[in-house]
Amino acid sequence: MGVVDVTANLGSLSLKNPVMPASGTFGCGSEMDEIIPRSELGALVTKSVTLEPKPGNPGPRLFETACGLLNSVGLPSPGIDAFVRDELPFLREAGTALIVSIAGERACDYTRIAARLSEEPGISALELDLSCPNVDRGLWFSSDPGLLGEVVAAVRGVTALPVIAKLSPNVADIAQMARAAQEAGADAVSAVNTFSGLAIDIRSRMPVFPRGPGGLSGPAVKPLALKAVWDIFRGASLPIIGMEGIVSARDALEFILAGASAVAIGTGNFVNPRVMLEVIGGIREYMEGSGLESLGQMVGAAHRLPGPGANS
Ligand SMILES: Cc1cc2nc3c(=O)[nH]c(=O)nc-3n(C[C@H](O)[C@H](O)[C@H](O)COP(=O)(O)O)c2cc1C
C-alpha cells in the first residue's frame, strides 16, 4: 500500500490530518488521554471561552432525541483569565494544532479575547462561536451578514492568527454568511453549529430545558449539515470545517466530498470515545483503496456533476 497524504489545508493553517473534536464536546482532552492520544488528532478545539466567568444554563442540559442530542449547555466558561492561567498550559502541550474557540455578546468581547490570546504562544487559530443557539444573543451575529462581517473584521484587526468563523444553520442562505465572513477576512468557516430544536415533557407539559429550545446535533441532522457545506462550497471560496452528525469515516468522507477540507466530531464522541481515531483510520483506508494520494483530491469532488449546473 502506498503512503497517503492526509494533510488538511485550511488556508494558512495546515493540519496533520482532517479530524478534530467539535468545540464543547471534548473538554481539554485531559480526561480522554488514555483513550485518545491528543497528538493523533488533526487539531484540538477547546470549549468556547468567554471574557468573564459564566456558569452556563441550569440543568437539565442534555436530552436524547431520535438519532440526535439536544443540548442547552449555554457556554459555561472559566473566563479568559482563568483559561489562560489554568487550561492553556496543558492545552498547548497537546502535540497537535490548538484551535481556541471564543464566544461573546458584543464585538468587543471577541476582540478583547482575541487580542489576549494572540499574546500567548502555542495557539494555532481562533474559532469564533458566532452561532450558539443556547444563549440570549447567541444567534445575533450569525443571522445577519452585516453583523457577522463586523465581528470577523474586528477580530481580524487585532490578531495575526488564522480566524475561523463558526456559522449557524438557522439561516435562509448560509452561503451568504460564508461570503460575509470571507470578505471580512476570515481564513475559514466551521459549518455548522447546532440546529435550534425543542423537546417537551408531556408529564410537566413544559419544555425539557428551563430555557425552552436547545441545539440539536447528531446523525439526525447530518443530511441538513451536509447540504449546508455543499451550499458554502458552491457559493463562497474559503476552506470549510464540516460538522454535525459525523459518527463514521463514511460520514466524514461525505462532508469532504461535499467541500469540507477538515471535519469535526462532537456527539459521536459521547457514543464511541474512540470514534475520531477510527475516522482518521477509515479515511486513510478509503484513500489507499481508491488510489488517492492526497486528501485535497477529494475536497469538493462531489461537485463535479456531469451536465448542466456543474461548477467545475
Ligand atoms: C454538549 C455540547 C456542547 C457544545 N458546546 C459548544 C461550544 O461551547 N461552542 C461551540 O461553538 N459549539 C458547541 N457545541 C456545538 C458543537 O461544537 C458542534 O457544532 C456540533 O455539536 C457538531 O455536531 P455533532 O455533535 O453532531 O458532531 C456543543 C455541542 C454539544 C453537543
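Quick one: compute the contact order of the stretch 162-312, relative version, from alpha carbon pairs under 8 angstrom and 6+ residues apart, as a percent.
Details: 265 pairs, mean separation 29.0, N = 151.
Reported as a whole number, the value is 19 percent.
Please report the antiparallel percentage of DSSP beta bridges with both residues in the stretch 91-207, rounded to the nearest 5. Intermediate values should be presented prior to the final figure.
On the way: 2 of 13 bridges.
Looking only at bridges with both residues in the stretch 91-207, the antiparallel portion is about 15 percent.
Do you know the relative contact order of the stretch 54-99, to the nearest whole percent, from alpha carbon pairs under 8 angstrom that are 6+ apart?
Relative contact order comes out at 32 percent.
So what are the ³J(HN,Hα) numbers for the stretch 10-26, from phi and the Karplus equation (6.51, -1.76, 1.60; θ = phi - 60°), rounded to whole Hz, Gly and Pro as x?
Residue by residue, the stretch 10-26 yields 10, x, 7, 9, 10, 10, 5, 8, x, 10, 9, x, 7, 3, x, 10, 9 Hz.
Towards the positive end of the charge dipole of the chain, with charges on Cβ (+1 Lys, Arg; -1 Asp, Glu), say which of Ile164, Gly79, Leu139 has the farthest Cα.
Of the candidates, Leu139 comes out farthest on the positive side.
So who's got an amide H within less than 5 Å of the one on Leu10, skipping anything under 5 residues away but keeping other chains? H placed 1.01 Å off N, in plane.
Leu15
Note the full-extension length gain between Ala172 and Trp140 as 0.36 nm times their separation in residues minus their Cα-Cα distance, in nm to one decimal. Intermediate values should be presented prior to the final figure.
On the way: separation 32, 0.36 × 32 = 11.52 nm, distance 1.43 nm.
Fully extending the segment from Ala172 to Trp140 adds 10.1 nm.
By what distance, in whole Å, do the Cα atoms of the stretch 170-225 stretch along each of the three principal axes, largest value first?
Principal extents (largest minus smallest coordinate, Cα): 49, 22, 18 Å.
Please list, in order along the stretch 44-58, the HN-Hα scalar couplings obtained from phi with the Karplus expression 6.51 cos²θ - 1.76 cosθ + 1.60 (θ = phi - 60°), rounded to whole Hz, x for Gly and Pro.
These are the phi-based 3J(HN,Hα) values: 10, 10, 7, 4, 5, 9, 10, 5, 9, x, 9, x, x, 7, x Hz.
Could you check how many percent of all C-alpha pairs in the stretch 39-81 are farther apart than 16 Å?
55
Quick one: among Glu278, Glu87, Glu119, which has the greatest mean-square fluctuation in a GNM of the chain with alpha-carbon springs under 10 angstrom?
In this elastic network of the chain, the residue with the biggest mean-square fluctuation among Glu278, Glu87, Glu119 is Glu119.
Looking at the chain as a GNM with Cα springs under 10 Å, which of Ile102, Ile36, Ile241 has the largest mean-square fluctuation?
Taking springs between Cα atoms under 10 Å, the residue moving most is Ile36.
Take the alpha carbon atoms of the stretch 251-287, find their center, do the same for the stretch 155-227, and report the distance between the two centers in whole angstrom.
Measuring centre to centre over Cα atoms gives 19 Å.
Accessible area per residue, 1.4 Å probe, Å², for the stretch 141-219: what's the number?
41
Given contacts defined as C-alpha pairs under 8 Å and at least six residues apart, what's the relative contact order of the chain, whole-number percent?
Contact order relative to length: 20 percent.
Per the 1.4 Å probe, what fraction of the accessible area of the chain, in percent, lies on carbon and sulfur atoms? Intermediate values should be presented prior to the final figure.
Details: 7150 of 13050 Å².
The value for the chain is 55 percent carbon and sulfur by accessible area.
Which percentage, to the nearest 5, of the DSSP beta bridges contained in the chain is antiparallel?
Around 40 percent of the beta bridges assigned by DSSP in the chain are antiparallel ones.
Can you give the accessible area of Val271, probe radius 1.4 Å, in Å² rounded to 10?
120
Suppose each label sits 7 Å from its Cα in the direction of the beta carbon; what would the Glu64-Val3 distance come out to in nanometres?
Using points 7 Å along Cα→Cβ, the separation is 4.3 nm.
Rounded, prolate or oblate: which fits the stretch 44-165 when a ≥ b ≥ c are the square roots of the eigenvalues of the alpha-carbon gyration tensor, with rounded for a/c under 1.5 and prolate only if a/b beats b/c?
Cα axes put the stretch 44-165 in the oblate bin.
Skip the ligands, DNA and RNA, and give the accessible area per residue of the stretch 84-140 with a 1.4 Å probe, whole Å².
So the stretch 84-140 comes to 40 Å² accessible per residue, rounded to a whole number.
Can you pull the Kirkwood radius for the stretch 197-276, inverse mean 1/r over Cα pairs, to one decimal in Å?
On the way: mean 1/r = 0.0717 Å⁻¹.
Answer for the stretch 197-276: a Kirkwood hydrodynamic radius of 13.9 Å.
If ligands, DNA and RNA are left out, what is the accessible area of Phe270 with a 1.4 Å probe, given in Å² to the nearest 10?
Number for this one is 110 Å².
Which order do Arg156, Arg137, Arg205 take when ranked by solvent-accessible area (1.4 Å probe, heavy atoms of all protein chains), largest first?
Details: Arg156 65, Arg137 85, Arg205 195 Å².
Ranking Arg156, Arg137, Arg205 by accessible area, largest first, yields Arg205, Arg137, Arg156.
Compare Asp187, Asp136 by solvent-accessible area with a 1.4 Å probe and give them largest first, with all protein chains kept in place.
Numbers: Asp187 40, Asp136 135 Å².
Largest accessible area first, the list is Asp136, Asp187.
For the stretch 85-142, state the semi-axes of the equivalent ellipsoid (square roots of 5 times the eigenvalues of the alpha-carbon gyration tensor), sorted largest first and rounded to whole angstrom.
So the three semi-axes of the stretch 85-142 are 24, 12, 9 Å.
I need the peptides 253-261, 290-298 ranked by packing, meaning the mean over residues of other C-beta atoms within 10 angstrom, with the highest value on top.
Numbers: 253-261: 24.9, 290-298: 14.9.
Going from most to least packed, we get 253-261, 290-298.
The chain: D in µm²/s via Stokes-Einstein (Kirkwood Rh, Cα pairs, 25 °C, 0.890 mPa s)?
Rounded to a whole number, D works out at 127 µm²/s.
Only bridges whose two residues both fall in the stretch 1-119 count here: according to DSSP, what percent of them are antiparallel, nearest 5?
Of the beta bridges lying entirely in the stretch 1-119, close to 65 percent run antiparallel.
Using only the Cα atoms of the stretch 124-276, construct the convex hull and provide its projected area averaged over every direction, in square nanometres to one decimal.
So the Cα hull casts an average projection of 9.8 nm².
The values are calculated or read from the model by the stated rules, or taken from the named source; none is laboratory data. Just so it is clear, the structure is predicted and the values come from calculations on it, not from any experiment. We place every Cβ from the backbone using ideal geometry, glycine too, and count neighbours over all the protein chains shown. For the accessible areas, the whole protein counts, side chains as well, though only heavy atoms, and no ligand, DNA or RNA atoms are used. Shrake-Rupley method; radii C 1.70, N 1.55, O 1.52, S 1.80 Å.
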